[in-house]
Amino acid sequence: MSISLVVNTSARQDSFFWQLMSRPTTAIAAVLLGLIVVSAALAPWLAPFNPGQLAIIHRLKAPDLLHIMGTDELGRDVFSRILFAGQTSLSVGISVVVFTSITGVLLGLLAGYFRALDAPLSRLIDAMMAFPDILLAIALVAALGPSSTNVVIALGIVYTPRMARVIRASTLVIRELPYIEAAKALAVPTPVILYRHILRNLTSPLLVQCTFIFANAILAEAGLSFLGVGVSPDIPTWGTMISQGRQYMDQASWIMLFPGLAIVITVLSLQLLGDGLRDLLDPRLAKGA
Amino acid sequence: MIRSTLHRLFGMAVVMAIVISLVFLIVHITPGDPAAVMLGPDATGADIAALRDQMGLNAPLWQQFFHYIIGVLHGDLGRSIFLNIPVTEALWQRAEPTFFLTLMALLVATLIALPVGILSAYYRGSWFDQIATSVAMLSASIPSFWLGLLFIQFFAVKLGWFDTSGYGGPTATFGERMNHLLLPALSLGAVCSALIMRFTRASMLDVLNDDYVRTARAKGMSEYRVVVKHAFKNALIPVVTVIGLTAALLISGAIVTETVFGIPGVGSLTVSAVLRRDYPVIQGTLLVISGLYVLMNFAVDMLYLWIDPRVRY
């Protein structure tokens, strides 16, 4: 009996994964994203050059076989810098996702489950949503001081209400289902109901929202770095690379072109993956349904 | 109608009160003395004390909060440390380019998104639909500042069709100034059109299968009238909301776009305020822009009541 159960579960998980991968666009997006994440993680081994190594003699060289994405104004290899910058940009994105998953879920669960908390928390969420994301993020970074940690905190605060809103809406629906009533009748403690019966059923909206927040966080981080109010300019990120490359746009457009493409490909893969996940996990929302 | 208007007005007031409180608190989350941070490492103790005095930082927090609220209610958003003028004056001086940039970008976004969204839904599954949805997805993934730089490089430098940057000199006529905003509005609008397009498409798909659309066709009405007069009018409601929300997105995008194109608007004022740690200006911009957003939401809600009588509960 127990063996058949195990087999069933793994078969279900397999089928979910394969269902997701059976959509060509989602599969391509997942592979691209995987490649980007792995190449950023393995940057120290994959990068052909030291990202900070100056070689003025090779400055502003167009892409060739040695420097496949050319060199920047200080002769540094653009490809190697993109790999290392990816580490910063992606880890900021992932940290923002973790931050909002904790704060947003907590806020959303509380607002959705406890009727007394709903009105005040919802107003707070509305008020926080009134701040345009980049504007609030730069104001927070200005107050906290520029650093990667503060960029994560700022963007985390910016995206928390967006996550909370989705979680609250789903919690409101689940709260009314008969099995929650049954659990209450059986005197199951509230924290257990919240964790075991509600939170576990929120996996789908949570997962979908996470991919979109990840995508938005990467765009926002790039924006902050471009404006010079993000992480320290000495640390390469895709945004700072574009910002530094813009001065040489006329002579060496590749310096700002390739980091931009890295952002576009990463964000596009995340959006496509999120769309695929949403269509699969919540067929009612499927496009064109 | 009056009851629901009052209800929404009250909700707006509560949200605005929270917004003001959050904006007030931003200065106080600064690690260390905000006055010292603002004046930089070269400031003397006397300078810092003078600024603390000017900003009222010596009073207890609740008193500062009270003064801030009273000030905001009287239209006083404080004084810029660096420009040495009232924040409201600084914002007013820079409002014109941002206003017209946002307006033009919204126009660009809507003009692209509505027809493409309608056609995409009408010819659902066709090559046009597939290309349109893919382009929309792609444009939502492009950082607006990067697209702006590419536009400058291609349209302004290579083709010479537009001015590369700026907002014209002090003597520039209104037309010349608007000419400077064309390229920034295009790059900002293109990025924001994706959201409106996807909503228009989804909303049109919803209504195109409805009974009254079939009835209109059965009566022998022309396809144009069926789609535009009958279907689109009903599909418009969610689209109006998204256009309203996009306006807020555009203000946010304008901050970055203004920096790329060197436009002296509210966005570049904010960025320079952040770099100089001019907190009153940062607070003022946050307050005014989020206030506009809340008002915009309210306006969209009211428009809803007007377009769709079913919402008047």
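Kindly check whether there is at least one residue in the stretch B:169-176 that is aromatic (Phe, Trp, Tyr) and more than 25 Å from B:Ala248 (Cβ to Cβ). Lay out the reasoning, then the answer.
Filtering the stretch B:169-176 for residues aromatic (Phe, Trp, Tyr) gives B:174.
Next cut, more than 25 Å from B:Ala248 (Cβ to Cβ) only: B:174.
So far as the stretch B:169-176 goes, yes, one or more of its residues are aromatic (Phe, Trp, Tyr) and more than 25 Å from B:Ala248 (Cβ to Cβ).
Could you list, in sequence order, all residues of the stretch B:3-53 that are exposed (fewer than 15 other Cβ atoms within 10 Å of the Cβ), in a helix (DSSP H, G or I) and within 32 Å of the chain's Cα centre (by Cα)?
Once the filter is applied, which keeps residues that are exposed (fewer than 15 other Cβ atoms within 10 Å of the Cβ), in a helix (DSSP H, G or I) and within 32 Å of the chain's Cα centre (by Cα), the stretch B:3-53 yields B:Arg3, B:Thr5, B:Leu6, B:His7, B:Leu9, B:Phe10, B:Ala13, B:Ala17, B:Ser21, B:Leu25, B:His28.
Of the residues A:Leu32, A:Leu60, which is farther than 17 Å from A:Ala262 by Cβ and either touching a Phe, Trp or Tyr at 6+ places or on another chain (Cβ under 8 Å) or in a helix (DSSP H, G or I) (or both)?
On the way: A:Leu32 fails: farther than 17 Å from A:Ala262 by Cβ.
Exactly one residue qualifies, and that residue is A:Leu60.
Does the stretch B:208-215 contain at least one residue that is at positive phi and surrounded by fewer than 19 Cβ atoms within 10 Å (Cβ to Cβ)?
Start the filter on the stretch B:208-215 by keeping residues that are at positive phi, which leaves none.
The answer is no; no qualifying residue exists.
Against the conditions (1) under 22 Å from A:Leu74 (Cβ atoms); (2) under 15 Å from the mean Cα position of the chain (by Cα); (3) of a type in the set (S, T, N, Q), where does A:Gln209 fall short? Just the number, please.
In the conditions (1) under 22 Å from A:Leu74 (Cβ atoms); (2) under 15 Å from the mean Cα position of the chain (by Cα); (3) of a type in the set (S, T, N, Q), A:Gln209 misses (1) alone.
Name the single residue that is nearest to the other protein chains (Cβ to nearest Cβ) among those in the stretch A:205-255 being part of a helix (DSSP H, G or I) and of a type in the set (D, E, K, R).
The first filter runs over the stretch A:205-255 and keeps only residues part of a helix (DSSP H, G or I), leaving A:205-227, A:238-248, A:254-255.
Still in the list and also of a type in the set (D, E, K, R): A:221, A:246.
Working: A:Glu221: 10, A:Arg246: 6 Å.
Only one residue tops the list, namely A:Arg246.
This table checks each residue for (1) more than 14 Å from every other protein chain (Cβ to nearest Cβ); (2) within 23 Å of B:Val274 (Cα to Cα); (3) in contact (Cβ under 8 Å) with a residue 24 or more places away in the chain.
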position: A:Arg115; (1), (2), (3): yes, no, no
position: A:Phe131; (1), (2), (3): no, yes, yes
position: A:Ser148; (1), (2), (3): yes, yes, yes
position: A:Pro161; (1), (2), (3): no, no, yes
position: A:Val173; (1), (2), (3): yes, no, no
position: A:Leu177; (1), (2), (3): yes, no, no
position: A:Glu181; (1), (2), (3): yes, no, no
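So which residues in the stretch B:31-46 are touching a residue at least 40 places away in the same chain (Cβ under 8 Å), within 20 Å of B:Leu61 (Cα to Cα) and more than 9 Å from chain A (Cβ to nearest Cβ)?
B:Met38
Across the stretch A:12-41, what is the number of residues that are in contact (Cβ under 8 Å) with a residue 40 or more places away in the chain and of a type outside the set (Gly, Ala, Ser)? Break it down stepwise before answering.
Just the residues of the stretch A:12-41 that are in contact (Cβ under 8 Å) with a residue 40 or more places away in the chain, to begin with: A:16, A:19-20, A:23, A:25-26, A:28-30, A:32-33, A:36-37, A:39-41.
Filter once more, so that each one left must be of a type outside the set (Gly, Ala, Ser): A:16, A:19-20, A:23, A:25-26, A:28, A:32-33, A:36-37.
Total meeting the criteria: 11.
Please state which one of B:Leu103, B:Leu91, B:Leu119 is surrounded by 14 or more Cβ atoms within 10 Å (Cβ to Cβ), assigned to a helix (DSSP H, G or I) and without any contact (Cβ under 8 Å) to a residue 12 or more places away in the chain.
Numbers: B:Leu91 fails: without any contact (Cβ under 8 Å) to a residue 12 or more places away in the chain; B:Leu119 fails: without any contact (Cβ under 8 Å) to a residue 12 or more places away in the chain.
None of the other options fit; the residue is B:Leu103.
Among the listed residues A:Leu272, A:Leu202, A:Leu280, which satisfies the condition of being crowded, with 21+ Cβ neighbours inside 10 Å, within 22 Å of the chain's Cα centre (by Cα) and touching a residue at least 60 places away in the same chain (Cβ under 8 Å)? Full working, then the answer.
Numbers: A:Leu202 fails: crowded, with 21+ Cβ neighbours inside 10 Å; A:Leu280 fails: crowded, with 21+ Cβ neighbours inside 10 Å.
Of the residues listed, the single one that is crowded, with 21+ Cβ neighbours inside 10 Å, within 22 Å of the chain's Cα centre (by Cα) and touching a residue at least 60 places away in the same chain (Cβ under 8 Å) is A:Leu272.
Quickly run through the stretch B:16-30 and pick out the residues that are facing chain A (nearest Cβ under 8 Å) and among the β-branched types (Val, Ile, Thr).
Across the stretch B:16-30, the qualifying residues are B:Ile18, B:Val19, B:Ile26, B:Val27, B:Ile29, B:Thr30.
Counting only residues that are touching a residue at least 12 places away in the same chain (Cβ under 8 Å) and touching a Leu at 6+ places or on another chain (Cβ under 8 Å), which one in the stretch B:73-88 is surrounded by the fewest Cβ atoms within 10 Å (Cβ to Cβ)? So that I can check it myself, show each step before the final result.
Step one: of the stretch B:73-88, the residues touching a residue at least 12 places away in the same chain (Cβ under 8 Å) are B:75-83, B:87-88.
Within this subset, residues satisfying the condition of being touching a Leu at 6+ places or on another chain (Cβ under 8 Å) are B:77, B:81, B:87-88.
On the way: B:Leu77: 23, B:Ile81: 20, B:Val87: 25, B:Thr88: 16.
That would be B:Thr88.
Being polar (S, T, N, Q) and crowded, with 24+ Cβ neighbours inside 10 Å is the filter here, so list the residues in the stretch B:163-202 that pass it.
As a first pass, look at the stretch B:163-202 and keep what is polar (S, T, N, Q): B:164-165, B:171, B:173, B:179, B:187, B:193, B:200.
Listed by number, the residues that qualify are B:Ser187, B:Ser193, B:Thr200.
Go through the residues of the stretch A:255-263 one by one and say whether even a single one is modelled with pLDDT of 85 or more, among the β-branched types (Val, Ile, Thr) and within 15 Å of the chain's Cα centre (by Cα). Talk me through it step by step, then tell me what you get.
Residues of the stretch A:255-263 that are modelled with pLDDT of 85 or more, as a first pass: A:255-263.
With among the β-branched types (Val, Ile, Thr) added as a condition, the list becomes A:255, A:263.
Right, trim to within 15 Å of the chain's Cα centre (by Cα) and you get A:263.
Yes, the stretch A:255-263 contains at least one residue that is modelled with pLDDT of 85 or more, among the β-branched types (Val, Ile, Thr) and within 15 Å of the chain's Cα centre (by Cα).
Limited to the stretch B:141-162, what total is found for residues that are buried (at least 16 other Cβ atoms within 10 Å of the Cβ) and either assigned to a helix (DSSP H, G or I) or within 12 Å of chain A (Cβ to nearest Cβ) (or both)?
Applying the first criterion (buried (at least 16 other Cβ atoms within 10 Å of the Cβ)) to the stretch B:141-162 yields B:141-153, B:155-156, B:162.
Narrowing the set further to residues that are either assigned to a helix (DSSP H, G or I) or within 12 Å of chain A (Cβ to nearest Cβ) (or both) leaves B:141-153, B:155-156.
Here the count works out to 15.
Among the listed residues B:Leu138, B:Leu186, which satisfies the condition of being within 14 Å of chain A (Cβ to nearest Cβ), under 30 Å from B:Val240 (Cα atoms) and within 23 Å of the chain's Cα centre (by Cα)?
Values: B:Leu186 fails: within 14 Å of chain A (Cβ to nearest Cβ).
When all the criteria are applied, what remains is B:Leu138.
Taking B:Trp62 as meeting all but one of (1) surrounded by fewer than 19 Cβ atoms within 10 Å (Cβ to Cβ); (2) part of a loop (DSSP other than H, G, I, E, B), write down the number of the exception.
(2) is the only condition that B:Trp62 fails.
Evaluate the following for B:Val260: is it buried (at least 21 other Cβ atoms within 10 Å of the Cβ), within 30 Å of B:Tyr304 (Cα to Cα) and in contact with a Phe, Trp or Tyr (Cβ under 6 Å, 6 or more places away or on another chain)?
Details: buried (at least 21 other Cβ atoms within 10 Å of the Cβ): yes; within 30 Å of B:Tyr304 (Cα to Cα): no; in contact with a Phe, Trp or Tyr (Cβ under 6 Å, 6 or more places away or on another chain): yes.
Here the answer is no, as B:Val260 does not meet what is asked.
Could you check A:Val267 against (1) at pLDDT 90 or above; (2) under 17 Å from A:Ser80 (Cα atoms); (3) touching a helix residue (DSSP H, G or I) at 6+ places or on another chain (Cβ under 6 Å) and say which number it fails?
(2) is the only condition that A:Val267 fails.
Among helices (runs of 4 or more DSSP H) lying entirely in the stretch A:90-193, which contain 2 or more residues that are charged (D, E, K, R) and closer than 28 Å to B:Leu286 by Cα?
Numbers: elements: A:115-129, A:133-144, A:148-175, A:178-185.
Fully inside the stretch A:90-193 and qualifying: A:115-129, A:148-175.
Is at least one residue of the stretch A:150-170 touching a Phe, Trp or Tyr at 6+ places or on another chain (Cβ under 9 Å), among the small types (Gly, Ala, Ser) and buried (at least 17 other Cβ atoms within 10 Å of the Cβ)?
Yes: one or more hits.
From A:Gly75, A:Gly108, which residue is without any contact (Cβ under 8 Å) to a residue 40 or more places away in the chain and in contact with a helix residue (DSSP H, G or I) (Cβ under 8 Å, 6 or more places away or on another chain)? Steps first, answer last, please.
Numbers: A:Gly108 fails: without any contact (Cβ under 8 Å) to a residue 40 or more places away in the chain.
Selected residue: A:Gly75, the only one of A:Gly75, A:Gly108 that is without any contact (Cβ under 8 Å) to a residue 40 or more places away in the chain and in contact with a helix residue (DSSP H, G or I) (Cβ under 8 Å, 6 or more places away or on another chain).
The values are calculated or read from the model by the stated rules, or taken from the named source; none is laboratory data. None of these values were measured; they are calculated from a predicted model. With ideal geometry, Cβ positions are generated from the backbone for all residues, glycine too; neighbour counts draw on all protein chains shown.
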